Amino acid sequence: GQANIGVIGLAVMGSNLARNLASREGNTVAVYNRTYARTQELMDEHGDMGFIASEDIDGFVASLSKPRTAIIMVQAGKGTDAVIGQLAERFEEGDIIVDGGNANFHDTIRREHDLRDKGLNFVGTGISGGEEGALKGPSIMPGGSDEAWETLGPILRSIAAVAEGEPCVTHVGTDGAGHFVKMVHNGIEYADMQLIAESYDLLRRVGGHSTDDLVKVFEQWNEGDLESYLIEITGEVLKQQDPESGKALVDVIRDEAGSKGTGVWTVQNAVGLGVPVSGIGEAVFARAVSSKPAQRAAVRQAFPDRPDVVDVPDGFEDDVRAALYASKVVAYAQGFDLIIAGAKEYDWDISLGDMAKIWRGGCIIRAQFLNRIVEAYDKNPELESLLVDPYFADAVKEGEAAWRRIVGIAAASGVPAPGFSSALAYFDSLASDRLPASLIQGLRDFFGAHTYQRVDKDGTFHTLWSEDDRREVEQEPST
Ligand code: NBP
């Protein structure tokens, strides 16, 4: 074989990744797709890139030099399992199977384990950046063994996005670590988008801004500490006119948000690990609420009298920006907490600073902000929370009053801001001296004898709450 790398699955992601690989010095790329027409299409359009195309899987495997290294870019789930099976039958000890699709990390752990038993390397790899990223340079989050990383590292470094002079790829950790981190990335992406959407809604419905005004506001924000891909494309989306209706396109798009489910995975796993990712959770729930038109119509009908929008104070746009920034710090703090908990549960050695580094380019959440996170973990890898890093703590303190004003204005005006308000509640929970969890413990002890601990001495305590309780206990010795 002569190809140092192969790509299986030549739909949009796979063919773009194959082109990216082939454009880099030193790579010869083997390509294969179940339906040959797709391979033919790639060869017709880009055959001059030196691809070695095969009509069948045996030809594909034969075209790879050793250790054979193949990246699978097919539909997640059954399609991926089918292709892994075909390769596993033909690959030999030391060969490397990379899954670049959006796999559930639990599947990745299972697959890695099964293939390791056969002496094969399996590398579940998160790839973010969509079609354009795959072609021009994505952010890449590979898991798998150190041995596989030795071969794969230089190849992935050659195609990754570059940020601040560094390629946006690192060996995240073993087995499913890469897909886990990709999942958290997608969850953060949900939270980021929800906070942007709430900002837009408040500026529009409470601030009274026209869509044209808003384009300018987001363009301005993109020049400050919120500078990011998502803020940038918010301006682009708001700018778009609909030729049919002559209105801004955003005003003719149905307000029902879809999802492909990775946000749900993030929340499910966070709940299991006991990590409060309320920012991501609110974002997932907000999409779910939006997608219930019948329920929305029924409640709208039952409550026709909505509160009047309150008069906004001077500097309202700046207040919204501050609320967005502070809520974003909370969402990222929670996301990084989830990575810490996942690493502990699944025994991965993950560098949080490196995760922020590889998200700075190529991916959907790329942002100036991530440089601050890199610095925070550089200074102190053991941070209890991103919120207590001096830079972020100062930023939150500076925006705190505005954040509270915005949550208050949203509530008084009847404009939902679940992301902003739950982020503030999370912050206030962590920052409070005492929480009403003491009462919860009392209730639990009352009805279920679940016991509690005291502030003034060690030990576990149970109170005999009622006359009946006491009578029961007194009678116990005689029964
Ligand atoms: P799709 O997810 O639409 O999958 C289509 C590809 O899967 C085709 O090549 C198809 O072959 C192949 N395939 C299927 Br379906 N079942 C197969 C089977 N049983 N055996 C062999 N091949 C099979 O492609 P995509 O949109 O390019 O995405 C590829 C992966 O990348 C997915 O896991 C997706 O979740 C992920 N993705 C990531 C991003 C991102 O931003 N990171 C964006 C989009 C997608 P055929 O031509 O013979 O039908």
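Test LEU87 against the stated conditions and say whether it is touching a residue at least 40 places away in the same chain (Cβ under 8 Å) and either among the charged types (D, E, K, R) or more than 23 Å from ILE109 (Cβ to Cβ) (or both). So LEU87 does not fit the description; no.
Residues of the stretch 133-151 that are open to solvent by 20 Å² or more (accessible area, probe 1.4 Å) and either free of Cβ contacts under 8 Å to residues at least 60 places away in the same chain or within 16 Å of the ligand (Cβ to nearest atom) (or both): LEU135, LYS136, SER145, ASP146, GLU147, TRP149, GLU150.
The number of residues in the stretch 334-374 that are part of a helix (DSSP H, G or I), in contact with a Gly (Cβ under 7 Å, 6 or more places away or on another chain) and of a type in the set (Val, Ile, Thr) comes to 1. Put simply, of THR35, THR69, THR80 the only residue that is of a type outside the set (Phe, Trp, Tyr), modelled with pLDDT of 95 or more, within 13 Å of the ligand (Cβ to nearest atom) and open to solvent by less than 70 Å² (accessible area, probe 1.4 Å) is THR80. What is the number of the single condition among (1) in contact with a Gly (Cβ under 6 Å, 6 or more places away or on another chain); (2) modelled with pLDDT under 95 that GLY130 does not meet? The single condition GLY130 does not satisfy is (1). Examine the stretch 142-150 for a residue that is under 22 Å from THR262 (Cα atoms) and within 17 Å of the chain's Cα centre (by Cα), and state whether such a residue exists. Yes; the residues of the stretch 142-150 include at least one that is under 22 Å from THR262 (Cα atoms) and within 17 Å of the chain's Cα centre (by Cα).
Going by the conditions given, is GLY124 touching a Lys or Arg at 6+ places or on another chain (Cβ under 9 Å) and more than 13 Å from the ligand (Cβ to nearest atom)? Criteria not met by GLY124. Of the residues examined, ASP48 is not one that is outside any loop (DSSP other than H, G, I, E, B), within 32 Å of the chain's Cα centre (by Cα) and not small (Gly, Ala, Ser).
Could you list all residues from the stretch 239-264 that are in a loop (DSSP other than H, G, I, E, B) and acidic (Asp, Glu)?
ASP242, GLU244, ASP255, GLU256, listed by residue number.
Filtering the stretch 7-21 to residues that are out of contact with any Phe, Trp or Tyr (no Cβ under 6 Å at 6 or more places or on another chain) and crowded, with 20+ Cβ neighbours inside 10 Å leaves VAL7, GLY9, LEU10, MET13, GLY14, SER15, ASN16, LEU17, ALA18, ARG19, ASN20, LEU21.
Kindly evaluate LEU249 against the criterion of being surrounded by fewer than 19 Cβ atoms within 10 Å (Cβ to Cβ), over 21 Å from ILE350 (Cβ atoms) and in contact with a strand residue (DSSP E or B) (Cβ under 8 Å, 6 or more places away or on another chain). Yes.
With respect to VAL83, is the statement that it is assigned to a helix (DSSP H, G or I), more than 22 Å from LEU135 (Cβ to Cβ) and of a type in the set (A, V, I, L, M, F, W, C) true? Taking the combined requirement at face value, the residue does not satisfy it. Screening GLY399, GLY408, GLY442, GLY448 for residues that are open to solvent by less than 60 Å² (accessible area, probe 1.4 Å) and in contact (Cβ under 8 Å) with a residue 40 or more places away in the chain leaves exactly one candidate, GLY399. For the stretch 329-352, the set of residues classified as open to solvent by 10 Å² or more (accessible area, probe 1.4 Å) and closer than 23 Å to TYR391 by Cα consists of ASP337, ILE340, ILE350, SER351, LEU352, listed by residue number.
Residue pairs whose Cβ atoms lie under 9 Å apart, separated by 6 or more positions or on different chains, with the first residue in the stretch 291-315 and assigned to a loop (DSSP other than H, G, I, E, B) and the second modelled with pLDDT under 95 and open to solvent by 60 Å² or more (accessible area, probe 1.4 Å), are SER291/SER259. Taken together, the residues in the stretch 1-10 that are more than 10 Å from the ligand (Cβ to nearest atom) and not in a strand (DSSP E or B) amount to 3. Screening GLY130 on (1) at positive phi; (2) away from the ligand (no atom under 12 Å from the Cβ) shows it passes everything except condition (2). Among residues of the stretch 83-102 being open to solvent by 50 Å² or more (accessible area, probe 1.4 Å) and under 20 Å from GLN2 (Cα atoms), the one that is farthest from the ligand (Cβ to nearest atom) is GLU93. Of all residues in the stretch 11-32, those being within 13 Å of the ligand (Cβ to nearest atom), touching a strand residue (DSSP E or B) at 6+ places or on another chain (Cβ under 6 Å) and not in a helix (DSSP H, G or I) number 2. Given the condition of a type in the set (D, E, K, R), out of contact with any helix residue (DSSP H, G or I) (no Cβ under 7 Å at 6 or more places or on another chain), surrounded by fewer than 17 Cβ atoms within 10 Å (Cβ to Cβ) and within 30 Å of GLU223 (Cα to Cα), answer yes or no: does some residue in the stretch 260-272 qualify? Checking the stretch 260-272: not a single residue is of a type in the set (D, E, K, R), out of contact with any helix residue (DSSP H, G or I) (no Cβ under 7 Å at 6 or more places or on another chain), surrounded by fewer than 17 Cβ atoms within 10 Å (Cβ to Cβ) and within 30 Å of GLU223 (Cα to Cα). In the set ALA11, ALA37, ALA3, ALA88, only one residue is of a type in the set (Gly, Ala, Ser) and more than 28 Å from LYS260 (Cβ to Cβ); that residue is ALA3. Checking LEU383, LEU387 one by one, the residue that is within 24 Å of HIS179 (Cα to Cα), open to solvent by 10 Å² or more (accessible area, probe 1.4 Å) and over 17 Å from the mean Cα position of the chain (by Cα) is LEU383 and no other. I want to confirm something. Restricting to the stretch 411-427 and keeping residues that are more than 24 Å from the chain's Cα centre (by Cα) and within 18 Å of GLY279 (Cα to Cα), which single residue is least open to solvent (accessible area, probe 1.4 Å)? Looking at residues that are more than 24 Å from the chain's Cα centre (by Cα) and within 18 Å of GLY279 (Cα to Cα), I get VAL415.
The values are calculated or read from the model by the stated rules, or taken from the named source; none is laboratory data. Since the structure is predicted, the reported quantities are computational estimates derived from the model, not experimental observations. Cβ sites come from the backbone with ideal geometry, for glycine too, and all protein chains shown count toward neighbours. The area values use the complete protein model at the heavy-atom level, side chains included, leaving out ligands, DNA and RNA. Shrake-Rupley method; radii C 1.70, N 1.55, O 1.52, S 1.80 Å.
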